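Reading through the structure tokens given below for one structure.
The values are calculated or read from the model by the stated rules, or taken from the named source; none is laboratory data. The model shown is predicted, which means the values in this text are computed figures rather than measured ones. A quick note on method: Cβ atoms are made from the backbone with ideal geometry, for glycine too, and the neighbour counts reach across all protein chains shown. Accessible surface is based on the protein model in full, side chains and every heavy atom, while ligands, DNA and RNA are left aside. Shrake-Rupley method; radii C 1.70, N 1.55, O 1.52, S 1.80 Å.
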Amino acid sequence: MKDKISIVGAGLVGSLLAVILKQKGFDVQVFEKRKDPRKSDVAEGRSINLALSNRGIRPLKMAGVYETIEPFLIPMKGRMMHAVDGELTFQPYGKEGQFINSVSRAQLNELLIESAEKSGVEVHFDHKCTNVDFEKSTLTFQNGSTIQSDLIVGTDGAFSEIRKKLQLTDRFNFSQHYIEHGYKELAIEPVNNKFLMEPNYLHIWPRGNFMLIALPNNDKTFTCTLFFPFEGNPSFSQLNTKKEVDDFFDKYFKDAKALIPDLTDQFFSNPTSSLITTKCDPWFKNSTILLGDAAHAIVPFYGQGMNSGFEDVRLFIELAEEMDWNWEQILPKYSSSRKKDADAISELALHNFIEMRDHVGDPDFLRRKEIESKIQAKYPKEWIPLYSMVTFSDIPYSEALRLGKIQKKIMDEILNQETEINLEKIIERFNTLKKAY
Ligand code: FAD
């Protein structure tokens, strides 16, 4: 177990992986291009907070770091929808007692880096990786230094340098796609140290082709994110003056606007960022492998980017343990077995944007939810709604996608028929279709 392992990127996935590999007895070093985030402000107008759920929590527990992180989490038990007239409607995410957790990405990252260092991992900041030699298994950094390792893991995010080098190798497939929407963050500050909205919900203002969401933070602020097209009517390209921004928020998000007195200042000083999906395969070459966003960046609408990256770590470690840490065999096996699940969550995340921004408020959607909860109440083991499979279970994403498609087919059939709903027949049909597809 004395193998030397180099991890490129001390983001969420790289830091968590480092903790576990060190615990397993390896000689682990992490190389990060940024300065130490604990000593410098690197937010750049983005204070992203994330929804942490089951698939992310399990690997954090595996690493023994969940207890350190838990006090920083804010439970969100469902969606709080804001209609144009300000009316609020609550939709639970799952069964009673099920919730997702809001956590600051920066805070979580710092806690994980801290845990890695405490377990003896060497974290080298200001070390931008500029090259990887797959034959010699060496990394080169901007400062000219080079290191040789038994295993190299690229956890350097959606614009991974390691992946760019893989793109220069034979038979490596890569694709990227920017969606037509970008995002901009806006903060709702507390008054008298109190949250200005109910904190234990994910607030959402669905508006057809665009939406605003808000997640709570520990300092009693909310981070709002406007997901909005770059071009068209309406779009970012049309909001160029304070008046245009004011009028737009008055029309679509009046109740949110009332909570952000410096709205236009924030709007023009915070960046507008784009959203990308990347896919590639295989994820490895010789003794180098990609994990997390470096292997599969997805849009954030299912709240699964980090969760899937943490699940990568768990599955990679479990497989490695099973295969007695024989990297030569583990890398191809992991890459080929996990790929279908990364593709599935990528598809689900794109689809969930349409659901969040367009469907969550409409009567057809609410009727489906109502029928589904009746089926689930009677057959809790057989029928798990798609959102719950993705968020509250470890069912492989590809299987959740497959079962979700069958559930949709059945729900379409139910809504098209006039006869009374028969739960027994529904579950029978579900079981038949499960075998057929
Ligand atoms: P990153 O967190 O990007 O870390 C990569 C690290 O590598 C960085 O520290 C970077 O500085 C470093 N690096 C890059 N290049 C080099 C180099 N050449 N040399 C050395 N170091 C390098 N996920 C969820 O699960 N739930 C959510 O609710 C959610 N919401 C999101 C909302 C938004 C608006 C966005 C943008 C993302 C959201 N995500 C969410 C996704 C989540 O942020 C990512 O999936 C997650 O950060 C990926 O972790 P990572 O470690 O793979 O990559």
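Quick notes on this one:
- Counting protein heavy atoms only, the stretch 90-193 has 45 percent of its accessible area on carbon and sulfur, 1.4 angstrom probe.
- Cα-based Kirkwood hydrodynamic radius, the chain, one decimal, Å: 23.2 Å
- Within straight-line cross-link reach of K2, aspartates and glutamates at Cα separation under 13 Å, skipping those fewer than 8 residues along the same chain: D27, D150
- Multiplying the residue separation of L415 and H351 by 0.36 nm and subtracting their alpha-carbon distance yields 21.0 nm.
- Sorting the segments 207-218, 286-297, 405-416 by their mean number of nearby beta carbons within 10 angstrom, highest to lowest, gives 286-297, 207-218, 405-416.
- The GluC sites (Glu not before Pro) found in the stretch 105-136 that occupy coil by DSSP, while having at most 10 further C-beta atoms within 10 Å, are E135.
- For q = 0.13, 0.14, 0.26 Å⁻¹, Debye-computed log10 I/I(0) when each Cα of the stretch 362-436 counts as one equal scatterer: -0.36, -0.42, -1.46
- Total lysine pairs whose alpha carbons fall under 15 Å of each other in the stretch 226-284 (8 or more apart, or interchain): 5
- Nearest-10 value in Å² for the accessible area of E318, using the 1.4 Å probe: 70 Å²
- Residue-count net charge about Y201 - beta-carbon cut-off 11 Å; Lys, Arg +1, Asp, Glu -1: +1
- Under 5 Å, built H, 5+ apart or other chain: amide partners of L275: I179
- Heavy atoms of the protein chains alone define the surface here; on that basis the chain has 46 Å² accessible area per residue at 1.4 Å probe size.
- All other residues whose Cβ lies under 15 angstrom from that of T432 are scored, Lys and Arg at +1 and Asp and Glu at -1, for a net of +3.
- Out-of-range pairs (alpha-carbon distance over 21 Å; input K24/K118; K118/K339; K164/K285; K77/K339): K118/K339; K77/K339
- Once backbone amide H atoms are built at 1.01 Å from N, T288 has I152 as its partners under 5 Å, excluding neighbours fewer than 5 places away on the same chain.
- Gap separating the Cα centres of the stretch 394-410 and the stretch 194-246, nearest whole Å: 30 Å
- Spatially proximal aspartates and glutamates relative to K435 (Cα-Cα < 16 Å; intrachain offsets below 8 disregarded): E382, E399
- Fraction of antiparallel bridges per DSSP, the chain only, in percent to nearest 5: 75 percent
- For L50, the solvent-accessible surface computed with a 1.4 Å probe is close to 30 Å², ligands and nucleic acids excluded.
- The alpha carbon centroids of the stretch 329-365 and the stretch 99-164 are separated by 26 Å.
- Dipole in debye (nearest 20) - the chain, about Cα centre, beta carbon charges: Lys, Arg +1; Asp, Glu -1: 500 debye
- Put simply, the amide H of S104, placed in the peptide plane, has neighbours under 5 Å in L50, leaving out anything fewer than 5 places away on its chain.
- Rounded to whole numbers, the Karplus 3J(HN,Hα) couplings from phi for the stretch 224-240 are 9, 10, 8, 9, 8, x, 5, 10, x, 10, x, 6, 4, 5, 9, 9, 10 Hz, using 6.51 cos²θ - 1.76 cosθ + 1.60 with θ = phi - 60°, and x at Gly and Pro.
- Net charge of the neighbourhood of L319, taken over other residues with C-beta under 11 Å away and scored Lys/Arg +1, Asp/Glu -1, is -2.
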